[in-house]
Amino acid sequence: MTIQRLLISLSVGVAVVVGLASCGSDEGQPSAQAVFSRLDPEQFASRMGNDAAQVINVHIPYEGELERTDAFIPFDRIVGDAQLPADKGSEVLLYCMTGRMSETASKALNQEGYTNVSHLEGGMKAWEAAGKPLLKKEAAGNDSH
């Protein structure tokens, strides 16, 4: 019986510590609810149909693109880029090769106050696996690719 009580006490203690850690001093940080969306290829393609959405390839180096790409901005230099919409409520759709870089960029934009950011989960690999076309153009003369 004492082992059960010890385990229960330990479990409760861990839950309290985890709860307190998540309530830390994140003043100025977005709340847990203010996050970006992770979209599968079908959802991403549907959102791309919105003419107001800005589609951005954040993958470096250039390894391909989706047909309706509006801009190429390296994931680690996206914050403050002049190609981003001035209205932080505008729809921004990010993608890369596997989803890792676009997720990082999505988090960065969210922390900068962008409220309508989504990224292609699984990236261009998931896009191709879903039977969707990936374009590969020569990047000669364009360092932003």
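The values are calculated or read from the model by the stated rules, or taken from the named source; none is laboratory data. Here the structure is a predicted model, which is why all the values come from computation and not from measurement. For neighbour counting, all protein chains shown are included, and Cβ atoms are generated from backbone atoms with ideal geometry for every residue, glycine included.
Observations
- Residue in the stretch 62-72 that is of a type in the set (Ser, Thr, Tyr), surrounded by 12 or more Cβ atoms within 10 Å (Cβ to Cβ), within 15 Å of the chain's Cα centre (by Cα) and closer than 18 Å to Glu121 by Cβ present: no
- Flag for Lys132 being within 16 Å of Arg38 (Cα to Cα) and of a type outside the set (S, T, N, Q): no
- In the stretch 113-137, the residues that are free of Cβ contacts under 8 Å to residues at least 12 places away in the same chain and more than 23 Å from Pro85 (Cβ to Cβ) form Cβ pairs under 9 Å with partners that are among the aliphatic types (A, V, I, L, M) and part of a loop (DSSP other than H, G, I, E, B), at six or more places apart or across chains, as follows: Glu128/Leu134.
- Options Gly49, Gly131; residue that is modelled with pLDDT under 95 and over 16 Å from the mean Cα position of the chain (by Cα): Gly49
- Which numbered condition Arg77 fails, given (1) more than 14 Å from Phe36 (Cβ to Cβ); (2) in contact (Cβ under 8 Å) with a residue 12 or more places away in the chain: (2)
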